[in-house]
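Notes for the one structure printed next.
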Amino acid sequence: MNGEPARGSGARRRPLVIAHRGASGVAPENTLLAFHLAVEMGADMIELDVRCSRDGHLVVCHDPDVARTTNGHGQVHELDLDDLRRLDAGYRYSLDGQHYLFRGLGLRIPTLDEVLASLPPHIELNLEVKSPPGDGRTAEGHRIAACLAARCRREPALVERLLVSSFDMAVLRELRQMVPELRTGLCTLPFDPLLRQLERVREAGLTALHPADAALGTDAASLIEQAHRLGITVNVWTVNSVERIAELAALGVDGIITDYPDRAVRTLGGSRESGTPSTWEQSPERGNNRPG
Ligand code: G3P
Ligand code: MG
């Protein structure tokens, strides 16, 4: 699968709209509400951050600590699922910095199983594996990888629906070994030299590069072309302006990770299959975010 070209469908397919932590621009990040809103807005895929509770459950939370997003405190990997479930995941979210409309609505830190069960099966998921700070390339990331691999073995059909990404190459390598058919993407930071990162992705046999938008310079078109020649898709985070969404689509990126999936869908056209060609469209061939 890896090494095969990222193919277009022949028709001009627009990039995947990937909702960053759900529709996190309008609802508390990484909650079922944010995920369901993203589906309503027409997102193709949902990006969410996966961690492991102390008692071994995969849960969806961006930060290592629950304090920024909930009414609790403590590290996710030091709390049991029951502790995490008591927290209000809408507590800190405010659209205007003054009103906290999502408090007390019963929003919780979801488990991965809950997310999988509650979203329509055609919605793909970009699971970003997070490890606790200082974890390095040690126990916690591997624990998550092992849980994910076990989950995929229990439900092989799931593999098709998942794209697992991480900043941690060791975790991705391990996952690839355990579930070779799984799509895997390396997340990179704004200052990371992208050609070097693309080479790492190729060398590890991953299927995607997930660069920060700020890292894409004037040579972005050539980077994307090289990636596609290698059969590697390029999904860019986090892109919220409609102008930039259109620019990146014109450059040929395969996925746009955004807090506002509605903006991306409006800019790029309704559905990937039947999306009306619009201003972004300049080149005929695009990757399809599928390995092979
Ligand atoms: O997966 C892309 C993006 O989510 C990586 O950064 O910090 O938002 O998880 P972060
Ligand atoms: Mg993330």
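Could you count how many residues in segment 176-193 are under 27 Å from A214 (Cβ atoms) and away from ligand 2 (no atom under 16 Å from the Cβ)?
Here is the first cut: in segment 176-193, the ones under 27 Å from A214 (Cβ atoms) are 183-193.
From the residues that got through so far, the ones that are away from ligand 2 (no atom under 16 Å from the Cβ) too are 191, 193.
So the count comes out to 2.
Tell me, please, whether a residue that is within 16 Å of ligand 1 (Cβ to nearest atom) and either touching a residue at least 40 places away in the same chain (Cβ under 8 Å) or on the phi > 0 side of the Ramachandran plot (or both) can be found in segment 184-203.
Yes: segment 184-203 contains one or more residues that are within 16 Å of ligand 1 (Cβ to nearest atom) and either touching a residue at least 40 places away in the same chain (Cβ under 8 Å) or on the phi > 0 side of the Ramachandran plot (or both).
For segment 74-109, give me the residue count where each residue is within 23 Å of V17 (Cβ to Cβ) and within 16 Å of ligand 1 (Cβ to nearest atom).
Summing the residues that are within 23 Å of V17 (Cβ to Cβ) and within 16 Å of ligand 1 (Cβ to nearest atom) in segment 74-109 gives 1.
How many of the residues making up segment 239-276 are at pLDDT 95 or above, of a type in the set (V, I, T) and part of a loop (DSSP other than H, G, I, E, B)? Break it down stepwise before answering.
Initial filter on segment 239-276 (at pLDDT 95 or above): 239-268.
Add one more test, that the residue is of a type in the set (V, I, T), and what stays is 239, 242, 245, 253, 256-258, 265, 267.
Subset that is part of a loop (DSSP other than H, G, I, E, B): 239, 253.
Total meeting the criteria: 2.
Among (1) more than 16 Å from ligand 2 (Cβ to nearest atom); (2) crowded, with 24+ Cβ neighbours inside 10 Å, there is one condition L209 misses while meeting the rest; what is its number?
Checking L209 against (1) more than 16 Å from ligand 2 (Cβ to nearest atom); (2) crowded, with 24+ Cβ neighbours inside 10 Å, the one that fails is (1).
In segment 225-242, what residues are crowded, with 24+ Cβ neighbours inside 10 Å and touching a residue at least 40 places away in the same chain (Cβ under 8 Å)?
A227, I232, T233, V234, N235
Quick test for you: out of D262, D254, pick the one residue that is touching a residue at least 40 places away in the same chain (Cβ under 8 Å), in contact with a helix residue (DSSP H, G or I) (Cβ under 7 Å, 6 or more places away or on another chain) and acidic (D, E).
So the residue among D262, D254 that is touching a residue at least 40 places away in the same chain (Cβ under 8 Å), in contact with a helix residue (DSSP H, G or I) (Cβ under 7 Å, 6 or more places away or on another chain) and acidic (D, E) is D262.
Residue-wise test of (1) at pLDDT below 95; (2) in contact with an Asp or Glu (Cβ under 6 Å, 6 or more places away or on another chain).
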position	(1), (2)
P110	no, no
E114	no, no
A117	no, no
P121	yes, no
V129	no, no
D135	yes, no
T138	yes, no
G141	yes, yes
A149	no, no
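Can you pull out the helices (runs of 4 or more DSSP H) entirely within segment 61-176 that have at least 1 residues that are without any contact (Cβ under 8 Å) to a residue 12 or more places away in the chain and aliphatic (A, V, I, L, M)? Working first, answer last.
On the way: elements: 81-85, 112-118, 139-154, 158-161.
Result: 112-118, 139-154.
Filter segment 67-89 down to residues that are more than 16 Å from ligand 2 (Cβ to nearest atom) and touching a Leu at 6+ places or on another chain (Cβ under 8 Å) and give me whichever is farthest from F102 (Cα to Cα).
Residue satisfying both the conditions and the ranking: G72.
Mind listing just one residue for me: the one in segment 9-37 that is free of Cβ contacts under 8 Å to residues at least 60 places away in the same chain and in a loop (DSSP other than H, G, I, E, B) and, of those, nearest to ligand 2 (Cβ to nearest atom)?
Per the criteria, the residue is G22.
With the requirement that a residue be in contact with a helix residue (DSSP H, G or I) (Cβ under 6 Å, 6 or more places away or on another chain) and either under 17 Å from R86 (Cβ atoms) or part of a loop (DSSP other than H, G, I, E, B) (or both), what does segment 38-54 give you?
Scanning segment 38-54 gives G42, A43, R51, S53, R54.
Could you list, in sequence order, the residues of segment 110-131 that are surrounded by 14 or more Cβ atoms within 10 Å (Cβ to Cβ), among the aliphatic types (A, V, I, L, M) and away from ligand 1 (no atom under 16 Å from the Cβ)?
Restricting attention to segment 110-131, the residues satisfying the condition of being surrounded by 14 or more Cβ atoms within 10 Å (Cβ to Cβ) are 110-112, 114-116, 119, 123-131.
After this cut, where a residue has to be among the aliphatic types (A, V, I, L, M) as well, the list is 112, 115-116, 119, 123, 125, 127, 129.
Passing the criteria: L116, L119, I123.
Being of a type in the set (S, T, Y), closer than 30 Å to R266 by Cβ and touching a helix residue (DSSP H, G or I) at 6+ places or on another chain (Cβ under 9 Å) is the requirement here; does S94 meet it?
No; evaluated as a whole, the condition is false for this residue.
For residues in segment 11-58 being in contact with a Cys (Cβ under 7 Å, 6 or more places away or on another chain) and either aromatic (F, W, Y) or closer than 16 Å to L125 by Cβ (or both), which is farthest from ligand 1 (Cβ to nearest atom)?
Step by step, filter segment 11-58, then rank; the result is L58.
The values are calculated or read from the model by the stated rules, or taken from the named source; none is laboratory data. Everything numeric in this text was worked out from a predicted model, so none of it was measured. Virtual Cβ from ideal backbone geometry, glycine too; neighbours counted across all protein chains shown.
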